[in-house]
Amino acid sequence: MPWNIIRLGTVTSTMDEAAGHPPGTVVVAEEQTTGRGRLERRWFSAPGAGLYFSAVLEHPEPAPIVTLALGLAVQESIQQTAGVACDIRWPNDLLIGERKCAGILVQFHGGRLIAGIGVNVNHEAMPPELATIATSLRMVTGREHSKEHLLAAALAAIETCLRLTSDEVLRLFARASSYVSGRRVTVESAELSLAGTTDGLDPSGFLWIRTDDERRHLLHSGGVRAVNIPRP
Ligand code: BTN
């Protein structure tokens, strides 16, 4: 796809700037004053340190499959650019160990899909409130990484991953994420509040959770948290 990349300095959120643009537009900013995450959270957007961009997409697949495909694309681009293998916590948090290094926000605007992607690239440290749950590529590798190379790799990987069929996305995601099956998790969402074990994806990309009474619950939105079982 011939991407039209718009580069900006300080914005509220690249999601706001991308809204109204045609498919193929990518808005990248150096800083976001009100960067947004999923579930009404904010996205810490330190000036210059992270890659913050929104891509306007036209895509026939339903949103859950696109969301998983975007996770695969960001995982691939981080591996290629920084040589770091990330896990994907369903639906699309990129983790190094247990700490988050990238996130994806998918929203609809005027019949188009806007994929907002934030990667913690060159942060030297995280603020105290995020220190135990977030990290950056620099903190993990001990060296700086090019945000330009990462953006180019991410856009190429997005093109590739959005060409996959739903079945391919589901199969690749199940391989790429340690969260798809056999993981002890807790769920706190508008629809469910429980603890259980992840038990695969349904054909739409939603996550099955099996509770200890052997009942299966399908998680459509929200997210999961790993339960770390203490070693004996
Ligand atoms: C999440 O993990 O909760 C999603 C985070 C998405 C952050 C990116 S940064 C670029 C784009 N602009 C935003 O305000 N959010 C997304």
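Where a number appears in this text, it was derived from the coordinates with a stated rule and is not lab data. This one's a predicted model, so the numbers in the text were calculated from it and none came from an experiment. No Cβ is skipped: glycine too gets one built from the backbone with ideal geometry, and neighbour counts run over all protein chains shown.
Each listed q (0.11, 0.21 Å⁻¹) maps to a log10 I(q)/I(0) for the range 146-232, found by the Debye formula over equal Cα scatterers with no solvent: -0.41, -0.98.
Computed with the Debye formula from one identical point scatterer per Cα of the chain, without solvent, the log10 of I(q)/I(0) at q = 0.07, 0.08, 0.16, 0.18 Å⁻¹ comes to -0.21, -0.28, -1.15, -1.43.
What FRET efficiency comes out for the pair Asn228/Glu58, r = Cβ-Cβ distance, R0 = 45 Å, nearest 0.05? Can you show the working numbers first?
On the way: r = 41 Å, r/R0 = 0.91.
For Asn228 and Glu58, the calculated efficiency is 0.65.
With a Förster radius of 45 Å, plug the Cβ-Cβ distance of Arg210 and Met1 into 1/(1 + (r/R0)^6) and report the FRET value to the nearest 0.05.
My answer for the efficiency is 0.70.
How would you rank Glu188, Glu40, Glu61, going from fewest to most other Cβ atoms within 10 Å of each one's own Cβ? Numbers along the way, then the final one.
Details: Glu188 13, Glu40 6, Glu61 17.
In order of increasing Cβ crowding within 10 Å: Glu40, Glu188, Glu61.
Anisotropy class assigned to the range 117-193 is oblate, per the alpha carbon gyration tensor with a/c at or over the 1.5 cut-off and a/b no larger than b/c. Based on C-alpha pairs under 8 angstrom that are at least 6 apart in sequence, the range 70-224 has a relative contact order of 19 percent. The Cα-based radius of gyration and maximum Cα-Cα distance (Dmax) for the range 51-125 are 12.6, 39 Å. Rg and Dmax of the range 73-182, based on Cα coordinates, read 14.3, 42 Å. Taken along the Cα-to-beta-carbon direction at a fixed 7 Å, the label points for Ala156 and Ala195 span 4.5 nm.
Send over the semi-axes of the range 1-70's equivalent ellipsoid, whole angstrom and largest first, taken as the square roots of 5 times the C-alpha gyration tensor eigenvalues. List each step's numbers first, then the result.
Working: eigenvalues 88, 51, 19 Å².
Largest first, the range 1-70 gives 21, 16, 10 Å.
The angle between the Cα long axis of helix 147-162 and the longest principal axis of the Cα atoms of the chain comes to about 60 degrees, rounded to the nearest 10. Here is how the number arises for the chain: DSSP H runs of 4 or more residues each give -39500 (n - 2.57), the sum is divided by the residue count, and the result at 222 nm is -7500 deg cm²/dmol. Return, ordered by residue number, the residues of the range 70-84 whose backbone nitrogen is under 12 Å from a label point located 7 Å along Cα→Cβ of Leu130. No residues fall inside that zone. Computed from label points 7 Å out along Cα-Cβ, the spacing between Arg42 and Asp16 is 1.3 nm. Here the range 1-77 is treated with +1 on each Lys and Arg Cβ and -1 on each Asp and Glu Cβ, and its dipole about the Cα centre works out to around 180 debye.
Full extension of the chain between Ser146 and Asp167 yields a length gain of 4.3 nm, computed as 0.36 nm times the residue separation minus the alpha carbon distance.
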